[in-house]
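The next block holds one structure in the form of structure tokens; read it before the comments.
No value in this document is a laboratory result; all are computed from the given coordinates. The shown structure was predicted, so the numbers you read here are calculated from the model rather than taken from an experiment. Virtual Cβ from ideal backbone geometry, glycine too; neighbours counted across all protein chains shown.
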Amino acid sequence: MVKTNIMQETDCRKIVDQKGCFSLLEYTKDVSVNHYSAASEFYAAQMGVRKRQVVCNLEGGGIIVQAGAMQWTSGKIEAVTNIKGAGDFAKKLIGSKVTGETAVKPRYRGVGTVVLEPTYRYVLFEDVAAWGGLVIEDGLFYACDDTVDTKVIARSSLSSAALGGEGLFSTCLTGNGIVVLESPVPKDELIVMELTDPNDEVKIDGNMAIAWSNSLKFTVERSGKTLLGSAASGEGLVNVYRGVGKILMAPVASSANPLSALANRT
């Protein structure tokens, strides 16, 4: 039997969230520094720029992870691909080209522990069933229970794809289980909107929604009733979500970080 102290809290790491088989470790301070980088690492930690690591404790179940995200495993863990055949591979390959996600995502099953690579991005645990199906922005998927189905869905209209800044296709998660997302902003900054009536609608200026219920209809429309009115308001086109469901929104529009290749993972 393999024993490890990965789940033991220390002065440097804490368990900050748990859901299902997933636990989130946060390294509250980085002491693996020298006198040149100590000051910058200290102030980075004060602003929440910290390493975070997902630990999955499996008891006969399984998880699917983003390719290259696994750091180490212990116990009787079997790794297989999520490809069911040539046709399934072709479908997943096409989906990866339009969403930016990897086509082949390893599946880990058995009894033991799977530890993912540390990341400097913020980590969210979401219950897919509670969302009634979850549509996520490209690049957010990190891991999920293998009881969750992932598929690529097209936008409901060309206007939403061409004008909304969201792309032609999105990743949709359905079924029962937990999905692990890498968020561009911390959970405390995210805004949750719940639409409870079929006639409810939310209009957002820009692609600030990082995830939303699959039951919502997404379109892009003028902010005003006329082109002149839209121009006068200074808003132009807005992303519109209608129906019953939830929206997870960042306070600022997501944008590419030139340092992401260095800061994303150690």
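Provide the packing ranking of 186-197, 121-132, i.e. peptides ordered by the mean count of other C-beta atoms within 10 Å per residue, highest first.
121-132, 186-197
From the cross-link list Lys19/Lys105; Lys151/Lys217; Lys14/Lys51; Lys76/Lys151; Lys187/Lys217, which pairs have alpha carbons spaced over 23 Å apart?
The answer is Lys76/Lys151; Lys187/Lys217.
Gain in length, Met1 to Ile191, computed as 0.36 nm per residue apart minus the alpha-carbon separation, to one decimal in nm?
Roughly 64.0 nm would be gained on extension.
Among residues other than Val179 whose Cβ falls under 9 Å from its Cβ, what is the net charge (Lys/Arg +1, Asp/Glu -1)?
-3
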